[in-house]
Amino acid sequence: MFGGDDSPVIPNVLHQLRMSRWRESRKRWHRASPDRNYGEEDVPPSTIEVVSWNVSVGMGRHQSLVWSCCRRWRCSMEWTLSSTTSGFASTFWLRRQDTSKWPDSARYGNVTLVEKSIPVQDAHILEFGLSSMQRTGVIVDLRLGAPDPHEYDVILRVVNTHLESLPAGDQVRPQQLQLLSKFLKGPGVRGGLIAGDMNPIGAQDAGAPAALGLRDAWRKGDNDKSGFTWGEQPECEYPAARFDKILYLPRRGYRVDEPRRIGFGLKMSNERGSLWCSDHAGLWTKVHVLR
C-alpha cells in the first residue's frame, strides 16, 4: 500500500476518546469527564514527569511478568508514578485493556495513563491511513499551571505513538511524524511533545524531526551508546540503536529535560526461565512550565 499510483488512498481518521478513571472502591474503570472532580481551588502542577516505554508485543500471555518488572523498577528508583505513561500501568489495566478505539485487526496499540492530580482537557486517537500495521497516535491535552506568582493555566499536548516498523515503512514514518507534529501547533495549545518508538532505521528518519521544527530532548546524538533503547538482546536482526525518542516543539513557556534510560536489561524469572521485560528500554523525563 506504500507504492504505486494504483494504491488506494486511505484517509487518516481522528477519534475523540472517552477517558476512564480507576475506582478503587469498586475495583474497576469508569468513564470520566474532562477535569471531573477537579475544583477551582485546585492548582494544576507546573512540572510533570513523563515515562515512555514500548512493552514487547512478544510477551503475549506473560504480560503479568511485565507488570512485575515495572513494579520492581519503580521500587528500585524510589519514585512514585506521577506522569503520562506509555506502555504499562497496573495489573488491572493489563488484564482489562479497552481496545475498542484501536483500528480493526490491530496487533499494536498505544495507551496513555495520566496521574489523577493532572487535569486532562481532552484526548483523541489518530489512525494513520498510511500504515499496514494499523499504527496510531494517542493525543492528550494536559492542563498545567504557570509557577507562582502567575495564576494562569496552559494546555500542553502529549502525543504517544509507535511509528511504522521495518524497511517497508521507510517512506511512511516521516509522513506519520509530520501528521503528529501538526497537533503540537494547534490553536489554544502552548506546545507539547511526541514520545514513543520512532523506528529510525531509514535514510530519512534522522533528519525528519528537525525538518518538522521538532527538537530531540536527547542531546548526545544517535551514536552515544548510553542512549540506545533497543537491540541489546541476543539475536537482534538490526544493530543496537536509539529507537525510542522524546521530541518536542521548542517554544517559550516550557522546558523538557534530557531523558534518562530506564528499565535497561531488566529481567524476571518464571517457568520459562529468565525473560526480558521488553525488547526496549524506557525513557523518563520532566517537563516544566516556565514563567
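The values are calculated or read from the model by the stated rules, or taken from the named source; none is laboratory data. No experiment lies behind these values; they were computed from the predicted model shown. Please note: Cβ atoms are built from the backbone with ideal geometry, for glycine as well, and neighbour counts cover all protein chains shown.
Keeping to the range 245-291, report how many residues are among the acidic types (Asp, Glu) and either loosely packed, with under 15 Cβ neighbours inside 10 Å or outside any loop (DSSP other than H, G, I, E, B) (or both).
Number satisfying all stated conditions: 2.
Quick test for you: out of GLN204, GLN233, pick the one residue that is within 21 Å of GLN176 (Cβ to Cβ), assigned to a loop (DSSP other than H, G, I, E, B) and among the polar types (S, T, N, Q).
GLN204
Among the listed residues GLY282, GLY265, identify the single one that is under 25 Å from PRO174 (Cβ atoms) and out of contact with any Pro (no Cβ under 8 Å at 6 or more places or on another chain).
GLY282
Taking the condition of being touching a residue at least 24 places away in the same chain (Cβ under 8 Å) and outside any strand (DSSP E or B), how many residues in the range 145-165 meet it?
6
Out of everything in the range 135-184 that is of a type in the set (Lys, Arg) and farther than 17 Å from LEU249 by Cβ, what residue ends up being surrounded by the fewest Cβ atoms within 10 Å (Cβ to Cβ)?
By that ranking, first place goes to ARG143.
Could you identify the single residue in LEU113, LEU179, LEU142 that is more than 15 Å from MET19 (Cβ to Cβ) and either among the aromatic types (Phe, Trp, Tyr) or in contact (Cβ under 8 Å) with a residue 12 or more places away in the chain (or both)?
LEU179
Working only within the range 101-143, note down all residues that are touching a helix residue (DSSP H, G or I) at 6+ places or on another chain (Cβ under 8 Å) and part of a strand (DSSP E or B).
LEU113, LEU126, GLY137, ILE139
Out of the residues in the range 102-120 that are surrounded by fewer than 17 Cβ atoms within 10 Å (Cβ to Cβ) and more than 15 Å from ARG135 (Cβ to Cβ), which is modelled with the lowest pLDDT?
Looking at the filtered set, the residue picked out is LYS116.
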